[in-house]
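Only one structure is covered here, and it is reproduced in the block below.
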Amino acid sequence: MMDNTAFMEQLNKYYAVWQEYNYVYEEWAKAHGLSVNSLLVLCAIYDGEDGCTQKKISQRWLIPKQTINMVFKDFACKGFVEMSPMPEDKRNKVIRFTEVGKEYADSIISELRKVELFVVEEIGVERMRQLNESMALFVELFRKAGGRRGNEANE
């Protein structure tokens, strides 16, 4: 049996970095008067060119629909968003920025992107590419291992 000490050490470092990654975004959002969920919803609406739905945001960012609904209500009270029924499915609502909301989102998102692009420039494109490839490989192998174990249980 292989000694897993070195593997566990790296896995624990991964957990710590993952938690710190989430923490820096939470702190950045808080410094701008937002929760991290509000920031993610703001980004989703901003990036959703053809309009956005609660379902799409929930699936993309893994935020519960109830949380997204609370964020939307807050944004609507501030006059940042408006919701209208989707033409093809009246039960779902498309969320779009109002003019005031668009200006607000532009200011927040442009500042966030400035920070993120600074980080990418400091890291360098090659190291960023390697980071993305490594994370994608981790996800692929995690799914593969989880799927294999799930299949073994059925055999």
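The values are calculated or read from the model by the stated rules, or taken from the named source; none is laboratory data. Note that the structure is a prediction, hence the values are computed from the model and not measured. All Cβ positions, glycine included, derive from the backbone under ideal geometry; neighbour counts span all protein chains shown. Calculation scope for accessible area: heavy atoms of the full protein, side chains included, ligands and nucleic acids excluded. Shrake-Rupley method; radii C 1.70, N 1.55, O 1.52, S 1.80 Å.
Quick notes on this one:
- Within the stretch 62-136, the trypsin sites (Lys or Arg not before Pro) that combine a DSSP coil assignment with at most 15 other C-beta atoms in a 10 angstrom radius are Lys78, Lys90, Arg91.
- Per-residue ellipticity at 222 nm, computed for the chain from helices alone with -39500 (n - 2.57) per DSSP H run of at least four residues, works out to -25500 deg cm²/dmol.
- Evaluated with a Cβ-only charge set (Lys, Arg +1; Asp, Glu -1), the stretch 35-155 carries a dipole of roughly 560 debye about its Cα centre, given to the nearest 20.
- Solvent-accessible area assigned to carbon and sulfur over the chain amounts to 57 percent, based on a 1.4 Å probe.
- Extension reserve of the Ala6-Glu27 stretch, reckoned as 0.36 nm per residue once the Cα distance is removed: 4.4 nm
- At most 16 other Cβ within 10 Å, DSSP loop - GluC sites (Glu not before Pro), the stretch 1-63: Glu49
- Gaussian network model of the chain, Cα within-10 Å springs - most flexible of Leu141, Leu112, Leu62: Leu141
- Considering only alpha-carbon pairs that sit under 8 angstrom and 6 or more positions apart, the relative contact order computed for the chain is 15 percent.
- Listed values (i) 52; (ii) 48; (iii) 57, entry calculated as percent of Cα pairs over 22 Å apart: (iii)
- J(HN,Hα) series, the stretch 130-135, from Karplus relation 6.51 cos²θ - 1.76 cosθ + 1.60, nearest Hz, glycine and proline x: 4, 4, 4, 5, 5, 5
- Taking Lys and Arg as +1 and Asp and Glu as -1, the other residues whose beta-carbon sits under 9 Å from that of Ala44 total +1.
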